[in-house]
Amino acid sequence: MISSPESISVLPNAIEEVHAFWIAGGSCDGCSIAAVGASSPSVEELINGTLPGIAKVVLHHPVLAVNAGEEFIKPFRLAAKGELGHPFVVLCEGSIMDESLAAKTGGYWSGLGADLDEFGDPQPIPSVSWITRMSEHAAAVIAVGTCATWGGVPAAANNPTNAASVMDLLGEDYRSSLGLPVINIPGCAPQGDNITETIASVLLFLHGLVPLPEFDELGRPKWLFDETVHRGCTLAGYYEEGTFAKEYGDKECLVEIGCWGPVVQCNINKRGAINHCGGCMNVGAPCIGCTMPGFPDSFAPFYKMPPGTQVSSTISKTTGTLVRNLRQMTQAYHNKTHKWIEEGHVPSGWGHIEQPSLLDKITHYAYQKLQYKGSHKPGSNN
Ligand code: SF4
């Protein structure tokens, strides 16, 4: 945890540009795709400097760059030596693999650029070397995606690379040049706006324009990752009423076919995957916990009912059946005008509207008495 806000400084006011170095370790590049799909703010807005209060971001990204070779690598070298002449942030995508294991066979896991060895032959510079050296001078180090934040799929049990996270690499005592620990934006891949919004918030803070955004004890933006998937799920109503999907494609809650949403911290359902569209449960896919440090091992096997679900879904089915039936009865009455109820007939040409049975009427009467106990029911004389 950050000991005190006083231990953090901000950038000088007159900053015109902030550089952002994107460094990939063991990754699939999905986080890059997610970032460029962000819309609020977009990468274009950040690099064009059109956001009020935020300096233009000069992005150094191995896939998006128009320059190549030494011309591309030169700013990395300057930043690693603290000689860039501009403030910069390091954005890490992918897990940190143990390069000492690869070196034993003369290879490397992931790298960027090359240095000449003693024989004058170019040798790749491992990503981990860039991150270690550049983090010393960086205004902030931001781990993007679950591989960088926690280790992710490459760090699953029994992996051959001894993969780990940026936090594992830099350690709990790491502080950026302005006093920040590693910031973590998990997700496989993360929701794109989560990436750009966090970058924009940190830049606003570093410019001294807003207070330090709130991060949780694992360095996640608290406003994005404090709630569970379940709390924002469009299918949560089905869970509450105890109705569950039996197979993929069913419209109900997916918990019995493998959804971990009730315990997973993620906002994908609220935001959608991209531009407010899609998002796992919104398109029928159960949550497999990809934002969590325990992913993937703790959530495997995927698409199987999570342990504990039987208890909670049985409780939900029991109470939900009663609640659902009462709601359906109320709904049937609220789908009629006062006149139609009095006349006992709905003049619709679209279909026959069933009239309530005597039992329905008695139950509804008793239920309404309960609902309006102690208050006046609008439209009634008592
Ligand atoms: Fe919760 Fe998952 Fe069901 Fe959505 S689909 S309501 S997140 S258990």
Provide the gained length on full extension for the span LYS74 to GLU247, in nm with one decimal, where the gain is 0.36 nm per separating residue minus the Cα-Cα distance.
-> 56.9 nm
Could you give the dipole magnitude of the range 5-221 about its Cα centre, charging the beta-carbon of Lys and Arg +1 and that of Asp and Glu -1, in debye to the nearest 20?
-> 80 debye
Centroid-to-centroid separation of the range 182-215 and the range 88-137 [C-alpha atoms, Å] | 26 Å
Relative counts (whole %) of C-alpha pair distances in the chain, using bins that are 10 Å wide | 5, 19, 24, 19, 13, 9, 7, 3, 1, 0
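How much length is gained if the chain between SER40 and ALA156 is pulled fully straight, taking 0.36 nm per residue apart and subtracting their Cα-Cα distance, in nm to one decimal?
38.5 nm
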How much length is gained on full extension from LYS317 to CYS277, taking 0.36 nm per residue of separation minus their Cα-Cα distance?
-> 11.4 nm
How high is the relative contact order of the chain, in percent, with contacts defined as C-alpha pairs under 8 Å that are six or more residues apart?
-> 15 percent
Members of LYS317/LYS369; LYS317/LYS377; LYS74/LYS222 lying beyond 29 Å, as alpha-carbon distances in this model show = LYS317/LYS377; LYS74/LYS222
Long-range HN-HN contacts of HIS19 with modeled amide H, under 5 Å = VAL58, PHE88, VAL89
GNM top mover of GLY192, GLY289, GLY113 - the chain, alpha-carbon springs below 10 Å = GLY113
Can you tell me the alpha carbon radius of gyration of the range 61-208 divided by the globular rule-of-thumb value 2.2 N^0.38 Å?
-> 1.07
Karplus-derived 3J(HN,Hα), 6.51/-1.76/1.60, for each residue of the range 360-367, Hz, glycine and proline x | 4, 5, 5, 4, 4, 4, 5, 5
Can you list which of the GluC sites (Glu not before Pro) found in the range 247-284 are DSSP loop residues with at most 14 other C-beta atoms within 10 Å?
-> GLU247
What is the spin-label model distance, in nm, from LEU212 to TYR365 if the labels are put 7 Å beyond Cα along the C-beta direction?
-> 6.6 nm
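Quick one: dipole size for the range 227-335, taken about the Cα centre, charges +1 on Lys/Arg Cβ and -1 on Asp/Glu Cβ, in debye to the nearest 20. Present the calculation step by step, with values, prior to reporting the outcome.
On the way: 9 positive and 8 negative charges, 38 e Å.
I would put it at about 180 debye.
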Please express the Cα-Cα pair-distance distribution P(r) of the range 48-134 as a list of whole percents, one per 5 Å bin, running from 0 to the bin with the greatest distance.
-> 3, 11, 19, 23, 19, 13, 6, 3, 2, 1, 0
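Counting only other residues whose beta carbon sits under 15 Å from that of PRO190, what net charge do I get with K and R as +1, D and E as -1?
-1
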If you take the alpha carbon radius of gyration of the range 210-261 and divide it by 2.2 N^0.38 Å, what ratio comes out, to two decimals?
-> 1.55
Once phi is turned into ³J(HN,Hα) by the Karplus curve 6.51 cos²θ - 1.76 cosθ + 1.60 with θ = phi - 60°, what whole-Hz value does each residue of the range 197-214 show in order, with x for glycine and proline?
-> 5, 5, 4, 4, 5, 5, 5, 4, 5, 5, 7, x, 8, 9, x, 4, x, 7
Calculated from backbone phi, Karplus (6.51, -1.76, 1.60) coupling profile of the range 258-269 in Hz, x at Gly/Pro | x, 7, 9, x, x, 10, 9, 8, 6, 10, 4, 5
Pop the C-beta distance of LEU64 and ASP173 into the FRET formula with R0 = 30 Å and round what comes out to the nearest 0.05.
-> 0.35
So for the chain, taking the charge dipole from beta-carbon charges (+1 Lys/Arg, -1 Asp/Glu), which of GLN191, GLY232, VAL63 sits furthest toward the positive end?
-> GLY232
The Kirkwood hydrodynamic radius of the range 227-335, taken as the inverse of the mean 1/r over all distinct Cα pairs, in Å, comes to 14.5 Å
Here the cysteines of the chain lacking a cysteine partner under 4.7 Å (Cβ to Cβ) are CYS28, CYS31, CYS92, CYS147, CYS233, CYS253, CYS259, CYS266, CYS277, CYS280, CYS287
Straight-line reach from LYS373: which aspartates and glutamates have Cα under 20 Å away, leaving out those fewer than 8 places along the same chain?
-> ASP360
Per residue, what volume in Å³ does the convex hull of the Cα atoms of the range 153-287 enclose?
-> 136 Å³
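Here, each number is a calculation from the coordinates, and none is a lab measurement. These numbers were taken from a predicted model, which means no experiment stands behind them. Counting neighbours? That spans all protein chains shown, and the Cβs are built from the backbone with ideal geometry, glycine included.
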